[in-house]
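The values are calculated or read from the model by the stated rules, or taken from the named source; none is laboratory data. As the structure is a computational prediction, the values presented were derived from the model and not from experiment. Here the Cβ positions follow ideal geometry from the backbone for every residue, glycine too, while neighbour counts run over all protein chains shown. Surface accessibility is based on the protein's heavy atoms, side chains included, excluding ligands, DNA and RNA. Shrake-Rupley method; radii C 1.70, N 1.55, O 1.52, S 1.80 Å.
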Amino acid sequence: MRRAFVLLALGALLCPGAARAQDSGTRRLLGGLLGIGGHFLTSGSGQNALGDVKFASDTQLFVRPAHRGKLLITGGLEFFNASDHFLPFSGGNEFDLIGPSALVTTPRVLGKVRPFVSVGLFAGRVRSERLGFDRTDLTPSLAFGAEWPFARYFTLSASYRVSEEIHGVNTDGFTLLLRIF
């Protein structure tokens, strides 16, 4: 839990524009922490090292988006976590991405599905108690999918994340999230 607060404080310092984001920065931050989901690994090496389904969370501390036609483009810090335990608890097998990323999407309209693409360069970490290693490497990652804001503060998100292998472990997989913001 202490690590999560340190990461959030670091994100606030490195990304001061997040507080001016389209949605309230505090609300988005809490939504990333309180959102719940699952990450479903699709590779044999990922399932071998980490297991099948992991609890997932994705917190994005992004600046106010720039409008380019019908697209919104934004960027900042992203914290992705897939682990055996629901945040803020830690331990077990875990996959983390922490670093700068950019997001391209369309405006949020209640009840309407909107596609998105996110790309970044992360400090990627894989901790496998099954295979007995904990490794952190610099890794690019791409996520693409769609969000469906079905209520004022609730959004369902489905995506597929592709990342470079970390210590021979392929962490690619589907992520389903219920975001609260």
Once amide hydrogens are built 1.01 Å from N within the peptide plane, the residues lying 5 or more places from Phe154 or on another chain with amide H under 5 Å from its amide H are Phe181
Order the peptides 168-174, 79-85, 134-140 from the highest to the lowest mean number of other Cβ atoms within 10 Å of their residues.
79-85, 168-174, 134-140
What is region 127-181 by shape, rounded, prolate or oblate, if you read a ≥ b ≥ c off the alpha carbon gyration tensor as root eigenvalues and call it rounded for a/c under 1.5, prolate for a/b larger than b/c, and oblate otherwise?
prolate
Rounded FRET efficiency, nearest 0.05, which uses the C-beta distance separating Phe86 from Leu156 and R0 of 30 Å
0.95
If a/c stays under 1.5 just call it rounded; otherwise compare a/b with b/c (prolate if a/b is bigger, oblate if not). Do that for region 38-181, with a ≥ b ≥ c from the square roots of the Cα gyration tensor eigenvalues.
prolate
Label-point separation in nm, Asn48 to Phe133, each point 7 Å along Cα→Cβ:
1.1
Under a 1.4 Å probe, what is the accessible area of region 65-179 per residue, stated in Å²?
49
